[in-house]
Amino acid sequence: MTTSTRPATTWLRRFHPSEHAPVRLFCLPHAGGSASYYFPVSRALTPAADVVAVQYPGRQDRRTEPCVDDVRRLADLITAEMLPWCDRPVALFGHSLGATLGFEVALRLEAAGTTPVTLFASGRRAPSRHRENEHVHASPDAQLLTTIRRMSGTDPAVLADEELLRSILPAIRADYRAAETYRYQAGPPLTCPIEVLNGTEDPEVTETEAAAWTTHTTAACTFHSYPGGHFYLNDHAMQVIELVRERIA
């Protein structure tokens, strides 16, 4: 399959196209995140992988489009966009909300006959584990902004710009609603390996919640811990990138 046969899409970003890379790595952002978060990953892994970052609606160049606040609906839409790009082995990397989406997309890819090489699930508890007391998506703007600042995953320049920050609140709220209302529906586990990555001080994922990822695959499930909180990635980017490089090689 060549580039010309693929339909145009607003969902996928290839910052450093690598048509001859042996593996295609799809990256799914966190709640409130965008495709550009994975620009450094794309730069570092090219040409070992053709990195494709997903752009959810409701942000950046898609800011005028309605947000999708349901994980399964979003996974359906993303999978449909990905399938024409599955002309070679594929891997999935998702952080936080992106990890849950990665799992649901992987289920759909396997159902369509494409088993990912690996699912990298970062900063998120296993799909079968949820917390009943999570209602950030329903909180007032001020409380939502406090949560965003506490998580330390947003560009400091954005955090310092109140007007800009408030302009992205609808997308952030929709993403939190998707993450917090998601409930796993029991079914066959994945057959691809899962690499679970977490920050040792992340309040969003306990050791028990992370360990439950083992129930979601019949293949190997490996765990990796890094010093830091929910966005440990920001301080350990190169270590994580090297892990990805090694696993998809």
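The values are calculated or read from the model by the stated rules, or taken from the named source; none is laboratory data. On a predicted model such as this, the values are computed, not experimentally measured, just so you know. Because the Cβ atoms are built from the backbone with ideal geometry, glycine has one as well, and the counts that use them run over all protein chains shown. Areas reflect the complete protein model, heavy atoms only, side chains present, ligands, DNA and RNA absent. Shrake-Rupley method; radii C 1.70, N 1.55, O 1.52, S 1.80 Å.
Computed over protein heavy atoms with a 1.4 Å probe, the carbon and sulfur contribution to the accessible area of the chain reaches 55%. Once you sort the root eigenvalues of the Cα gyration tensor of segment 4-121 as a ≥ b ≥ c, which label holds: rounded (a/c under 1.5), prolate (a/b larger than b/c) or oblate (the other case)? Rounded, since a/c falls under 1.5.
Taking a quarter of the surface of the Cα convex hull of segment 57-152 gives a mean projected area of 7.7 nm². Full extension of the chain segment joining Thr214 with His16 gains 67.9 nm, where the gain is 0.36 nm per residue of separation less the Cα-Cα distance. For the chain, rounded, prolate or oblate, judged on the Cα gyration tensor with a ≥ b ≥ c (square roots of eigenvalues), a/c < 1.5 rounded, else prolate if a/b > b/c? Because its axes are fairly even, with a/c under 1.5, the chain counts as rounded.
When the Gaussian network model of the chain links Cα atoms closer than 10 Å, the mean-square fluctuations of Asp69, Asp50, Asp87 top out at Asp87. Taking the inverse of the mean reciprocal distance over all distinct Cα pairs, the Kirkwood hydrodynamic radius of segment 180-249 comes to 13.4 Å. Counting only DSSP beta bridges with both residues in the chain, the antiparallel share comes to about 10 percent.
For segment 1-141, the solvent-accessible area works out to 39 Å² per residue, with a probe of 1.4 Å and every protein chain left in place. Of the peptides 90-103, 7-20, 196-209, the ranking by mean beta-carbon count within 10 Å, highest at the top, reads 90-103, 196-209, 7-20. Looking at segment 61-155, the GluC sites (Glu not before Pro) that sit in a DSSP loop and have at most 15 other Cβ atoms within 10 Å of their own Cβ are Glu132, Glu134.
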